[in-house]
1. Could you grab me the full set of residues in the range 608-642 that are farther than 18 Å from residue 339 by Cα and among the β-branched types (Val, Ile, Thr)?
2. If I filter the range 285-341 down to residues being in contact (Cβ under 8 Å) with a residue 24 or more places away in the chain and among the acidic types (Asp, Glu), which single residue comes out as nearest to residue 159 (Cα to Cα)?
3. Would you call residue 522 modelled with pLDDT of 95 or more, outside any strand (DSSP E or B) and in contact with an Asp or Glu (Cβ under 9 Å, 6 or more places away or on another chain)?
4. If you go through the range 338-354 one residue at a time, do you hit one that is assigned to a loop (DSSP other than H, G, I, E, B) and at pLDDT 95 or above?
5. How many residues, within the range 308-321, are at pLDDT below 95 and more than 13 Å from residue 211 (Cβ to Cβ)?
6. Quick check on residue 501: is it within 16 Å of residue 677 (Cα to Cα) and at pLDDT 95 or above?
7. Any idea how many residues of the range 545-589 are charged (D, E, K, R) and part of a helix (DSSP H, G or I)?
8. Anything in the range 632-663 that is in contact with a Pro (Cβ under 7 Å, 6 or more places away or on another chain) and more than 22 Å from residue 446 (Cβ to Cβ)? List them, or say none.
Amino acid sequence: MATSSPVGSTKEPVLKARESEEKSQIAPPTAKQIPVAPHKLPPKGLQFYAALSRPNKLPSQALPVAAPTGKLQKLPAPELPLTTQALVPSASPQISRLGYQVSINGRTLPATWSQWRLGESVRTGISDAGMSQTLGVELLNTGDVTRQPVQWFSQPATEPLMLATQAVGSYRYLDITDFAQRAGWKMEVKGTKLLISSKPAQVADIQPALQPRGSRMTIEIDRPTPWQVRKEGEELVVTMDAVATPALLQRFSSAPVPLLQAPKQGKVAEKDRETEGEIPSIVPLPHRSKLPTPVVESIQNQTQIRINIPAGLSPRFSSLPNPNRLVIDFLPEAMVERDILWAKGIRWKQQYVSLGSSRFPVVGLILNPRLQGDVNLPFFKMKPIWSHPSKMMGVAPLSETAQMWHASAAVNGGFFNRKNQLPLGAIRRDGRWLSGPILNRGAIAWNDTGAVKIGRLALQETLITSTSARLPIFFLNSGYVKAGISRYTPEWGATYTPLIDDEIIVVVQNNQVTSLLPGGIAGKTAFPIPRNGFLLTLRANRGPAASLPLGTKVWVEGATVPADFNRYPHIVGAGPLLLQNRQIVLNAKGEQFSDAFDKQAAIRSAIGTTADGNLMIVAVHNRVGGTGPTLREMAALMQKMGIIDALNLDGGSSTSLYLGGQLLDRPPSSAARVHNGLGIFFQPTR
């Protein structure tokens, strides 16, 4: 994940909608609204394996939601079959309960759920992420936002299971009321926990088999049952609510045979940390045609199956009927291609994109901002988000940051210094510069009515004194260090701590110099930033101090370059710029990226605009049998997908694409902490 080193980019307006900049209706979270530092990881073992093959992942944190407490209450039985009442969308659901834990046969797992009234019936829904993570339900393609077809020990072509959807807050819930009855489950609510009890199942057989392009593990059971997966190192752990026969336990009791694995990486040099990835890409080794041997364990009424993942292969899951079985295929191309209209204006799409002889797995969100403001339809707004709303220092997993801000979807944003956790690039929200641009690097700017601009961005500020001195300010609210003057406003946080030794701190209040203070040793002293002014820091150059004696009146004059960037209230900077007007304009060196950064192959994320006025956000992982894309390959991929203007975002282990409680592109355990991102706030209005 690219962090420490700054970078840039340029470009012209793309999505041309209305240019008015309406006042934001999404306020930054406050201490009363949400916890400022909720960054606790779930218990070990609860970060389910999501892989590109199956984006069914446990969110790294489920945000608590208030719900009534009290005695254990049984839910009313459904009154209509699955194909009638359950598929009638509620015009205005009366939410009666919300919770963030689901207990499956006594095991408590993080998952968001809700209850609402539909006529005289009480319906129960689990977020689509929760359904995948706790029950093993697979989401199928759909173009209907009111209904979600799923596969769960069923044939999707002949008997797709249809679940009604209900959008509440930042989640999309799937109505499981009739689904649960059909499965023979009992559901109860206790406080904020939904309790589900299923009938006991039995594991009848486990059959490993070699395939032409990998291997297959078939787990037969006597009846459909909840199942979960997670990854522990290079081992896949499958947990099923079923009891294995003594013969199976004896047959698969030995330790799994180690398979050929990719070499472990050594310590990453600090220079490498400043490239596109804290974890450099590794070419997966060719897999051996060797049968993976599982280890089967019985834990209370569950069966746990451990399987070594062959190097160069990834698991793909499917649950099928007649007989009921869970099939795990280990393949070089394991990602399931998807096309799900998740909400009005938000489409989740997964596809393989070919470039020469390489095939890249691309996970993306296609956003239609033109639906914004239509009172008859759900809509979304896009805003910058960061890990700590009250200050600019800090990092957190993107999923936690998205949940803290109550975003429905998010992607990692710009660069930052991994050591001091400070931003290295533009962050502007509602017209306020939280962090200024650096080095003329690429940025995306937008307003709340659908207008978007992608291009290289600079901010030019000049300090003007009452004695007519004009002093250039090089950086605003930035972790980037260079000799000269930098400025820090209250948007940076309550205090500023010097980044290098012997800075001179100039305190300005009400446009007047009130103090000149020695900064001392870097990182030692926190200087309060006045609410009615700002701090200037003079680094490695004491000359400007002579123009700033106590009592001097000062003013700041500033402008963006290009000037039209200033029309947009929201900006996130990253880089380099990839496409402009459909043409590849990559110039990493011009944006002051290193040669290593320019040439490196890595997992990447990017954002771009399309000819039909949509935004496309993508995460691109390792090509089949190889590494992630280089920057030039990333530009070519965006071009091939029909993007008009495109910007590279922070990548490597920072690459994270979040939707409705889950990371779509990778297991949570493999995603690094990031400083900022772009949040999509889905606003149902029906």
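The values are calculated or read from the model by the stated rules, or taken from the named source; none is laboratory data. All of these numbers come straight from a predicted model, not from anything done at the bench. Cβ atoms come from the backbone with ideal geometry, glycine included; neighbour counts cover every protein chain shown.
1. Within the range 608-642, 609, 624, 627, 630 qualify.
2. So the residue we want is 339.
3. yes
4. For the range 338-354, residues assigned to a loop (DSSP other than H, G, I, E, B) and at pLDDT 95 or above: absent.
5. Adding up the residues that qualify gives 5.
6. It is false that residue 501 is within 16 Å of residue 677 (Cα to Cα) and at pLDDT 95 or above.
7. Residues flagged as charged (D, E, K, R) and part of a helix (DSSP H, G or I) within the range 545-589 amount to 2.
8. Selection gives 637, 661, 662.
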